[in-house]
1. Can you pull out every residue in segment 18-41 that is of a type in the set (D, E, K, R) and either crowded, with 19+ Cβ neighbours inside 10 Å or assigned to a helix (DSSP H, G or I) (or both)?
2. Is there a residue in segment 80-94 that is in contact with a helix residue (DSSP H, G or I) (Cβ under 9 Å, 6 or more places away or on another chain) and outside any helix (DSSP H, G or I)?
3. Against the conditions (1) among the small types (Gly, Ala, Ser); (2) more than 26 Å from LEU203 (Cα to Cα); (3) in contact with a Pro (Cβ under 8 Å, 6 or more places away or on another chain), where does GLY141 fall short? Just the number, please.
4. Return yes or no: is LEU61 on the phi < 0 side of the Ramachandran plot, buried (at least 18 other Cβ atoms within 10 Å of the Cβ), aliphatic (A, V, I, L, M) and assigned to a helix (DSSP H, G or I)?
5. Which of the residues belonging to segment 156-187 are modelled with pLDDT of 95 or more and assigned to a helix (DSSP H, G or I)?
6. Checking the conditions here, which among SER40, SER80 is in contact (Cβ under 8 Å) with a residue 40 or more places away in the chain and among the hydroxyl-bearing types (Ser, Thr, Tyr)?
7. When the residues of segment 111-134 are narrowed to those that are in a helix (DSSP H, G or I) and more than 18 Å from the chain's Cα centre (by Cα), which ends up surrounded by the most Cβ atoms within 10 Å (Cβ to Cβ)?
8. Name every residue in segment 236-249 that is in contact (Cβ under 8 Å) with a residue 40 or more places away in the chain and under 17 Å from LEU53 (Cβ atoms), in order of residue number.
Amino acid sequence: MRIFALSDIHVDYEPNMAWVQELSRFDYSDDLLLLAGDISHERRLLGRCLSTLARRFRHVLFVPGNHDLWVAGEAPGMDSLEKFAVVKKIALDCGATMEAIRLDGLAVVPLLGWYDYSFGLPGKALRGAWTDYRACRWPAGWGAADVAAYFDKLNIVPPMDGVGKRITVSHFLPRIDLIPSFVSSRHRILDPVLGSTRLEAQLRKIKPSIHLYGHSHINQSVWLEDIRYVNNAFGYPQEGRITAKQLLCIEEI
């Protein structure tokens, strides 16, 4: 069984959805796909993408991203926690899972999360430009740290007895040094909304050999303190320089 990694498909863009639909119906039937968030905030597109992938892979494990929890176009008053419940049901109905799985001595643990400003505090420019501040809605009085703490408590680590290989998956970055040095200073204003040190603390307890993440749209595979951190974002159509726009096999068991 091969294990493939992918994130940030953004099937709101027609070329991205077309790529999903054109994937082979036969080549991946014995394989596992790890999908690290940001498919679409639209229920119809989310379900269409997940059901298509579930028909092509033996297993699909999905961790929602920030775009998936946007409430734009939803009923007035719906908050992003309610949207999370909707997303989870859609995933289940489509044949994907958001729960930890064990297969042939392998454990894959999804880590839900949100940014909590442990990478820095947002400035005025970021607050004005970052869509989450307008497209997400949280319970009254909640800040980013409350959201991160909520999802942190939902993460359940299964028993690890007899597990030979461990992989963890998150949408958000678990550490800020995953941003490469070539990223310009004008883009570093995004640091506060990229991830959370909570995720790093959690995955270190699990001791994976590989951690898959998304969100940054910068494809890379780097080793940090005995863990291989992988980002294989599909990205927006115009992001050909920093995204490979193909599946990446990260392991075979």
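1. ASP38
2. Let us first name the residues in segment 80-94 that are in contact with a helix residue (DSSP H, G or I) (Cβ under 9 Å, 6 or more places away or on another chain), namely 80-81, 83-84, 86-87, 90-91, 93-94.
Applying the additional criterion that residues be outside any helix (DSSP H, G or I) yields none.
No, there is no match, as no residue in segment 80-94 is in contact with a helix residue (DSSP H, G or I) (Cβ under 9 Å, 6 or more places away or on another chain) and outside any helix (DSSP H, G or I).
3. Here GLY141 clears every test but (3).
4. So LEU61 fails the test.
5. Of everything in segment 156-187, those that are modelled with pLDDT of 95 or more and assigned to a helix (DSSP H, G or I) turn out to be ILE176, ASP177, LEU178.
6. Numbers: SER40 fails: in contact (Cβ under 8 Å) with a residue 40 or more places away in the chain.
Criteria check complete, one pass: SER80.
7. So the residue we want is LEU126.
8. Within segment 236-249, LYS245, LEU247, LEU248, CYS249 meet the criteria.
The values are calculated or read from the model by the stated rules, or taken from the named source; none is laboratory data. Predicted, not measured: the structure shown is a model, and the values here were computed from it. Please note: Cβ atoms are built from the backbone with ideal geometry, for glycine as well, and neighbour counts cover all protein chains shown.
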